[in-house]
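Notes to accompany the following structure.
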Amino acid sequence: MMFLLLGFALSVEPGCLIIDRPQVLAEDLARRLPEFQRLPAGTVLTAAPGFGVRRDLPSSTLRAWARSYGVEAEQFEPLCLYRSAASERDIDWETELRLALDSLFKLKPGPKEIEILEHAIAPGPQGKLSLERSGLIFEAQRQQYLWRGKLIGAGSYAAVRIRFAFHRRQTRLVTTRPLSSGRILAIEDITTIEEAWRPGNDKGEILIEPPVGKVLRRSLPKGTILEPLHLTEAPLIQQGDVVELSSIVGEATIRMSAVARGKARLGDSLLISALEGKKLLRAIAVGPGKVEIQSGTGKKNR
């Protein structure tokens, strides 16, 4: 429905009588039809069509209006009216676009980085232009951007559409081969590609440095763009590692060697046991090969 209305906004024909007020007055028709010059200029004949909408007036309608005010005529030429969308004329599209890119995405395009390719407004009230973050999409096939916004009026709105080119490139990290879940990434697993800037990339999805040493949360096919949600930290401690155990007793710190009975990242808890003996203790990973005692269990957790 939105784009049907936008189509109306673009369908004005050169032969139509252009008006820019909510009523059609006698003085408006008098510009084309001399018979209406006999009426007071401010005589209201009918309500104007909506912004950007064309209305055809047949000869019979024009004759009936004239007769109702005592003006006789044998024939009137049919006439079409078009109410101009004053809001569209008043908008500096490029300025509004630049302000939105700056406020919503912290982007400041250079003088030649933006090219407005198309803009249109649906019928509706004049109001404040609102370009929201969610309205911006990237059309990969055209390599262009489409922004759907609105004009906010008194309790209603009009749809806005802007299609534009934005000449900004960015580097993305992608996988060079299919990778399985749990893999610790190596430099040969990652390459770079250049692509157009896309909406949403200001939210932290872009990885700048190759995440070598990170672990994949799930399997990824070749050519996948790497994002933080794909990754987790590699374990500091693996099952079977010999670790240094620290335990504070009063003012003294006791250190001893132990064996990890599971794997853990920084801050994770894990079970450990003395090098000799089966008693299990709960500890916390505090660094590579280092744990601190949390509590003694005396038995395995079930």
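Looking at this structure, is ILE193 of a type in the set (Val, Ile, Thr), within 26 Å of the chain's Cα centre (by Cα) and in a loop (DSSP other than H, G, I, E, B)?
It is false that ILE193 is of a type in the set (Val, Ile, Thr), within 26 Å of the chain's Cα centre (by Cα) and in a loop (DSSP other than H, G, I, E, B).
Residue pairs, Cβ under 8 Å, 6 or more apart or interchain, first in segment 94-114 and under 9 Å from LEU131 (Cβ atoms), second acidic (Asp, Glu) and surrounded by fewer than 16 Cβ atoms within 10 Å (Cβ to Cβ). List them.
LEU104/GLU132
Suppose we keep only residues that are more than 37 Å from the chain's Cα centre (by Cα), within 12 Å of PRO288 (Cβ to Cβ) and charged (D, E, K, R) within segment 223-265. Which one would you say is surrounded by the fewest Cβ atoms within 10 Å (Cβ to Cβ)?
GLU244
So, in segment 279-294, exactly how many residues are under 15 Å from ASP241 (Cα atoms) and in a loop (DSSP other than H, G, I, E, B)?
Going through segment 279-294 one residue at a time, the tally reaches 2.
Working carefully through the options ARG98, ARG83, ARG54, ARG89, find the one that is surrounded by 18 or more Cβ atoms within 10 Å (Cβ to Cβ) and either at pLDDT below 90 or closer than 30 Å to ARG168 by Cβ (or both).
Going through ARG98, ARG83, ARG54, ARG89 in turn, the sole match is ARG83.
Only one residue in ALA120, ALA47, ALA158 is modelled with pLDDT under 90, in the same structural domain as ARG21 (by TED's automatic domain parsing), closer than 30 Å to LEU29 by Cα and among the aliphatic types (A, V, I, L, M), so which one is that?
Result of the check over ALA120, ALA47, ALA158: ALA47.
The values are calculated or read from the model by the stated rules, or taken from the named source; none is laboratory data. Worth saying up front: this structure is predicted, and the values here are computed from it rather than measured. Every residue, glycine among them, receives a Cβ derived from its backbone with ideal geometry; neighbour counts consider all protein chains shown.
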